[in-house]
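Peer 1: Handing you a structure now.
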Amino acid sequence: MRRWMLLLPALVLCLSTFLACAPGDDDDDSAATTDDDTVDNDDDTSDDDADDDDAVDDDTEKTCIDGDGDGFGENCEAGPDCDDGNGSLFETLTGYLDEDEDGYPGTPVQVCTNGVLPSIYSPTATDCNDEADTTYPDAVEIPDDGEDQDCVGGDFEASDANGIFVDGASGNDAYPGTQAAPVATIQHGVDLAEGTADKKNVYIAGGTYTEDVVVNAASIFGGYDATDWSRDIEAHETVIEAAVVNPVTVVSNGSLFADGLVAFGGTVADTAVLFVQTDGTLRATRTLIKSLSDSGESYGVLTDYYVALELIDVVIEMDGSQTAHGVFMDDHGTLTARRLQVTGHDVQKFFAGIVTAFSASTVIEKSEIRGNALERQVGIGLYKSQAIVRNTQVGLGLPNEEGYGILDQAGTLSVSDSTIEVAGSYEEANGVYLSGTHDATLTRNVIRVGSLSDFSLGWLVGVGAEYADWVFLSDNVIATGNSAVSNFGFITSAYSESPGKVVLVNNVIATGFAGSINGAVRVENSTYFIAQNTLAAGPGQESTGAGLDVRELIGPPRSFVNNVAISSMSEANFPLTFEHTGQPDLQTVLGNALYAISPTCLLETEDDCVSTVNEVNACEWSSCAQSSDNISAKPGFAAADDYHLAAGSPLIDAGIDPTSLAPEDALDALGYDIDGGARPQGAGWDIGADEYIPAR
């Protein structure tokens, strides 16, 4: 058959229904010769083109493919769908994140939305450099550093028009302080600058200046080469050494911006390298502060009352001091520390990295504090302060007495994404200790106290809370080492007349050996919601996965849900205990895995020793409000030191839905596991901090 004969059937069909093949027709009516728009059977409200499933009149039939019924999809008039399996997501929008966390978003992200950007994204970009947290609109400009901090007009450059120049080698205080004729001392340069109507900057050439500089209102910048006044703060170090006591003092109501300096404190007792008097302001960037005193009390930065303090890219070295404070901020000041490094190695008596009192705002981020004092040490000490610590590392060596990674007294505290490490001590070592704290939130931290390779002669406490009003822990890894005395991953107590509130979600808490009492979690005299945690107590005279002491409190039931509670071989070992259980119907115990090899009791109360999981679930033990779906089985972890669930673990899909029991503050944390994986996966909720995800 010839090829043209193959066209006959199509030609006949087209002649019989001419309108369906005619250009400009909508293909939805039966008229043969005209586009009369009398019939419209497609999926939109306008008879606009040949196929009526897109905006192109191309006479090509296309079908709107909308898998989730939201009107968006392939070839649909509403537009394409960014997630055609989710009817609540359909439109891709551009949002902006604040990657450098300076408050100004600038990093574009394509987001699949319901037509509205989630609140974590900004619809506009306002940062000119989202990789530098010192660069944003209206930021303080640092001269001659190659960066445009304020996003306007490029880098700021030193000149005779905007500054006074200082060079200790070629200058003379009789000179005017120009580039060609610099003054010799920093103090004279500051005095000249403060006397100008526009408060000129002070530009200092490299070299050592032995002075005690007093500042009313000045900006001083080191690291210049006096031959051409170019700047390199590493190649041309500007060093200020104390002549007597304090190399730099900011007077009351004064202000100082210092960048690119090295400041050495005096060798006499009771000195401060930088001292800010009442109502003063200090902003220091890219500055090294070093104490040289080995007697009395020494301070890197010391403030009086009501001081505003900002330390960015600052290093404070307090090594070898007798009693050392890296930063000591007195009453009612504000502190912002970013990439601050404080060291206090070989301190003879007491070391504190940062101390604030009555602070309305203390923010410590991306910082590092390390010390090793012979007697007592505190990484961060807070008294009646409102404090935020994030992305920070605290590491303290072996003291003879007490060690605290973070010590908070009667304040509010948030710690996130940080690492706190404290070696064991002869008396007591604490990762985080809360005393009378009003509100404490710890999320996504690693807290280690003591060591598994040797023994501490004193108590080890990962997180301790005494008389705290509200304690919330989620997604933390808390581990303690070996102690000759007692060992607690988390312990809290409160007044009987004012019980505390405790929420623990998605934490891994494990303890090493203890010569006496060993508990992964101990809660005393507090209401609690404890869910989706992995709690493992090491061996000791007594080993308890979770010990809950309610002191006969009257109130709503306490919930212990979807936890792994493990106790180790000991003279007495209990995965779960309840003490002071005189009030009935207090305890809700659902969906937990209670495990021990040869346990004394799976669950113990003052009146009962419950030996089997069936008895646990029968809820006939004293103070039981509800108990079911608990199991007793070897957890099936990935490894001895890895608390992720292995394939085939009996904990997978064995938990219950805890959301109906949870306080509102805990709901978000329940929706994911310690690694950020969504819960639940598979057929149900897993038990413990890990939700098993095969592909992970």
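Peer 1: Please work out which one of (1) over 18 Å from G353 (Cβ atoms); (2) more than 20 Å from the chain's Cα centre (by Cα) is the condition G462 fails and give its number.
Peer 2: Status for G462: all satisfied but (2).
Peer 1: Assess whether A593 counts as being surrounded by fewer than 17 Cβ atoms within 10 Å (Cβ to Cβ), within 13 Å of V564 (Cβ to Cβ) and in contact (Cβ under 8 Å) with a residue 40 or more places away in the chain.
Peer 2: Working: surrounded by fewer than 17 Cβ atoms within 10 Å (Cβ to Cβ): no; within 13 Å of V564 (Cβ to Cβ): yes; in contact (Cβ under 8 Å) with a residue 40 or more places away in the chain: yes.
When the stated conditions are applied, A593 does not pass them.
Peer 1: Name the residue, out of A654, A683, A678, that is in contact (Cβ under 8 Å) with a residue 60 or more places away in the chain and either open to solvent by less than 60 Å² (accessible area, probe 1.4 Å) or on the phi < 0 side of the Ramachandran plot (or both).
Peer 2: Working: A683 fails: in contact (Cβ under 8 Å) with a residue 60 or more places away in the chain; A678 fails: in contact (Cβ under 8 Å) with a residue 60 or more places away in the chain.
Of the residues listed, the single one that is in contact (Cβ under 8 Å) with a residue 60 or more places away in the chain and either open to solvent by less than 60 Å² (accessible area, probe 1.4 Å) or on the phi < 0 side of the Ramachandran plot (or both) is A654.
Peer 1: How about the range 263-284: which of its residues are open to solvent by 10 Å² or more (accessible area, probe 1.4 Å) and either of a type outside the set (F, W, Y) or out of contact with any Pro (no Cβ under 8 Å at 6 or more places or on another chain) (or both)? Outline the logic, then answer.
Peer 2: Going through the range 263-284, the residues open to solvent by 10 Å² or more (accessible area, probe 1.4 Å) turn out to be 264, 267-270, 274-275, 277-279, 281, 283.
The answer is T267, V268, A269, D270, L274, F275, Q277, T278, D279, T281, R283.
Peer 1: Follow-up. Which members of the range 495-539 meet the condition of being over 27 Å from the mean Cα position of the chain (by Cα), among the small types (G, A, S) and open to solvent by 10 Å² or more (accessible area, probe 1.4 Å)?
Peer 2: Scanning the range 495-539 gives S496, S498, G515, S516.
Peer 1: Exactly one condition in (1) surrounded by fewer than 24 Cβ atoms within 10 Å (Cβ to Cβ); (2) over 24 Å from the mean Cα position of the chain (by Cα); (3) assigned to a strand (DSSP E or B); (4) not aliphatic (A, V, I, L, M) is not met by S295; state its number.
Peer 2: The one condition S295 does not meet is (3).
Peer 1: Follow-up question, since we're still on this one. Among the residues of the range 360-376, is there at least one that is surrounded by fewer than 18 Cβ atoms within 10 Å (Cβ to Cβ), modelled with pLDDT under 95 and polar (S, T, N, Q)?
Peer 2: Scanning the range 360-376, I find at least one residue that is surrounded by fewer than 18 Cβ atoms within 10 Å (Cβ to Cβ), modelled with pLDDT under 95 and polar (S, T, N, Q), so the answer is yes.
Peer 1: Any idea which of L661, L667 is within 25 Å of the chain's Cα centre (by Cα), aliphatic (A, V, I, L, M) and open to solvent by 50 Å² or more (accessible area, probe 1.4 Å)?
Peer 2: L667
Peer 1: Anything in the range 390-415 that is within 18 Å of the chain's Cα centre (by Cα) and closer than 26 Å to L452 by Cβ? List them, or say none.
Peer 2: T392, Q393, V394, G395, G405, I406, L407, V415, listed by residue number.
Peer 1: Just checking, which of S627, S622, S649 is assigned to a strand (DSSP E or B), among the polar types (S, T, N, Q), open to solvent by less than 40 Å² (accessible area, probe 1.4 Å) and in contact (Cβ under 8 Å) with a residue 12 or more places away in the chain?
Peer 2: Sole residue among the options that is assigned to a strand (DSSP E or B), among the polar types (S, T, N, Q), open to solvent by less than 40 Å² (accessible area, probe 1.4 Å) and in contact (Cβ under 8 Å) with a residue 12 or more places away in the chain: S627.
Peer 1: Might you check whether a residue that is buried (at least 19 other Cβ atoms within 10 Å of the Cβ), under 23 Å from N162 (Cα atoms) and free of Cβ contacts under 8 Å to residues at least 40 places away in the same chain occurs anywhere in the range 225-235?
Peer 2: Scanning the range 225-235 turns up no residue that is buried (at least 19 other Cβ atoms within 10 Å of the Cβ), under 23 Å from N162 (Cα atoms) and free of Cβ contacts under 8 Å to residues at least 40 places away in the same chain.
Conditions tested, residue by residue: (1) without any contact (Cβ under 8 Å) to a residue 40 or more places away in the chain; (2) hydrophobic (A, V, I, L, M, F, W, C).
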position: R338; (1), (2): no, no
position: T343; (1), (2): yes, no
position: V355; (1), (2): yes, yes
position: S361; (1), (2): yes, no
position: I364; (1), (2): yes, yes
position: E375; (1), (2): yes, no
position: V378; (1), (2): yes, yes
position: Y404; (1), (2): yes, no
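Peer 1: Looking at the range 157-176, can you tell me whether even one residue there is free of Cβ contacts under 8 Å to residues at least 24 places away in the same chain, of a type outside the set (S, T, Y), closer than 27 Å to V276 by Cβ and assigned to a loop (DSSP other than H, G, I, E, B)?
Peer 2: For the range 157-176, residues free of Cβ contacts under 8 Å to residues at least 24 places away in the same chain, of a type outside the set (S, T, Y), closer than 27 Å to V276 by Cβ and assigned to a loop (DSSP other than H, G, I, E, B): present.
Peer 1: Out of (1) within 23 Å of H332 (Cα to Cα); (2) surrounded by fewer than 24 Cβ atoms within 10 Å (Cβ to Cβ), the odd one out for Y467 is which?
Peer 2: Just one mismatch for Y467, condition (1).
Peer 1: One residue is enough: does the range 315-323 have a residue meeting the conditions touching a Lys or Arg at 6+ places or on another chain (Cβ under 8 Å) and closer than 25 Å to T437 by Cβ?
Peer 2: Checked the range 315-323: no residue is touching a Lys or Arg at 6+ places or on another chain (Cβ under 8 Å) and closer than 25 Å to T437 by Cβ.
Peer 1: Right, something else. Go through the range 165-206 and give me each residue that's farther than 16 Å from G260 by Cβ, in contact with a helix residue (DSSP H, G or I) (Cβ under 7 Å, 6 or more places away or on another chain) and open to solvent by less than 30 Å² (accessible area, probe 1.4 Å).
Peer 2: Those that are farther than 16 Å from G260 by Cβ, in contact with a helix residue (DSSP H, G or I) (Cβ under 7 Å, 6 or more places away or on another chain) and open to solvent by less than 30 Å² (accessible area, probe 1.4 Å): G177, V183.
Peer 1: Please verify whether the range 419-433 includes one or more residues that are touching a helix residue (DSSP H, G or I) at 6+ places or on another chain (Cβ under 9 Å), over 18 Å from N518 (Cα atoms) and open to solvent by less than 40 Å² (accessible area, probe 1.4 Å).
Peer 2: no
The values are calculated or read from the model by the stated rules, or taken from the named source; none is laboratory data. Remember, it's a predicted structure, so these values are computed and weren't measured experimentally. Reconstructed Cβ throughout: ideal geometry from the backbone, glycine too, with neighbour counts over all protein chains shown. Remember, those area values only see protein heavy atoms, side chains included, never the ligands or the DNA or RNA. Shrake-Rupley method; radii C 1.70, N 1.55, O 1.52, S 1.80 Å.
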